[in-house]
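Visitor: Handing you a structure now.
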Amino acid sequence: EFQNRNSVSLRAWYQQIWRASLTQAAVAETLAERQGGKVDPANWFLAGLVQDVGRLALLHTCRDEYVEHVLEKEDDRSLIQREQEWLGFTHVDVGQAICRRWNLDTDLVDAIGVHHAPAHRVVPLKFVSSTSLPAAMITAAHVAEYLEEVSHDLSCSREHIERLLMQVFAFPPNEVFRVLADVDSRVGE
């Protein structure tokens, strides 16, 4: 019975990571589509889909220990900090290594490397243009975190998401909620 409980718990974590990956992919594709043909939406979708492949690899490899030491741990540290302190590396490092092994484009691998940058660092930088894949990956990660959080706490703030979408990607304020709802609906399908 203990093993059955663990496999149910692991399955739930796999599903949560998969949903976050799909959300990131949908957001990245939406951002690419707004670029007016300057970038390939399929490439941005792929980048969003694989940017957390390192989490899947760590969950598959370390299983219950990864859940215990990183995923279920409730403290002031971020997921990245818990991984770094426990393993000496992070899912980002693992994900980049996997993507390099798959011979994915260097720009994609580099963008994956920064996807956990804080939202407030993106807006002041105002990347050279909104066609920046790193800015899209950071935005996709923050939107996925927001949508996960809002599913548990309707009162959570989306201010940083609005800033990213409006200031970096030039979404009109009245489109932000629609985009979030569209992404959530696509992932739900």
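The values are calculated or read from the model by the stated rules, or taken from the named source; none is laboratory data. None of these values were measured; they are calculated from a predicted model. Cβ coordinates were reconstructed from backbone atoms using ideal geometry, including for glycine residues, and neighbour counts include every protein chain displayed. Heavy atoms of the whole protein, side chains included, go into the accessibility calculation; ligands, DNA and RNA do not. Shrake-Rupley method; radii C 1.70, N 1.55, O 1.52, S 1.80 Å.
Visitor: Do we have residue 106 as on the phi < 0 side of the Ramachandran plot, open to solvent by less than 40 Å² (accessible area, probe 1.4 Å) and either modelled with pLDDT of 90 or more or not β-branched (Val, Ile, Thr) (or both) here?
Guide: Working: on the phi < 0 side of the Ramachandran plot: yes; open to solvent by less than 40 Å² (accessible area, probe 1.4 Å): no; either modelled with pLDDT of 90 or more or not β-branched (Val, Ile, Thr) (or both): yes.
Criteria not met by residue 106.
Visitor: Does residue 21 qualify as being small (Gly, Ala, Ser), surrounded by 14 or more Cβ atoms within 10 Å (Cβ to Cβ), modelled with pLDDT under 90 and not in a loop (DSSP other than H, G, I, E, B)? Step through it out loud before you land on a result.
Guide: Numbers: small (Gly, Ala, Ser): yes; surrounded by 14 or more Cβ atoms within 10 Å (Cβ to Cβ): yes; modelled with pLDDT under 90: no; not in a loop (DSSP other than H, G, I, E, B): yes.
For residue 21, the condition - small (Gly, Ala, Ser), surrounded by 14 or more Cβ atoms within 10 Å (Cβ to Cβ), modelled with pLDDT under 90 and not in a loop (DSSP other than H, G, I, E, B) - is not met.
Okay, residues lined up against (1) within 24 Å of residue 12 (Cβ to Cβ); (2) at pLDDT 90 or above; (3) surrounded by 13 or more Cβ atoms within 10 Å (Cβ to Cβ); (4) touching a strand residue (DSSP E or B) at 6+ places or on another chain (Cβ under 6 Å):
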residue	(1), (2), (3), (4)
90	yes, yes, yes, no
93	no, yes, yes, no
113	no, yes, yes, no
122	no, no, yes, no
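Visitor: Is there any pair linking a residue in segment 94-116 that is of a type outside the set (A, V, I, L, M, F, W, C) to one that is part of a helix (DSSP H, G or I) and open to solvent by 80 Å² or more (accessible area, probe 1.4 Å), with Cβ under 8 Å and at least six apart or on different chains, and which?
Guide: Short answer, once both residue conditions are applied: 105/43.
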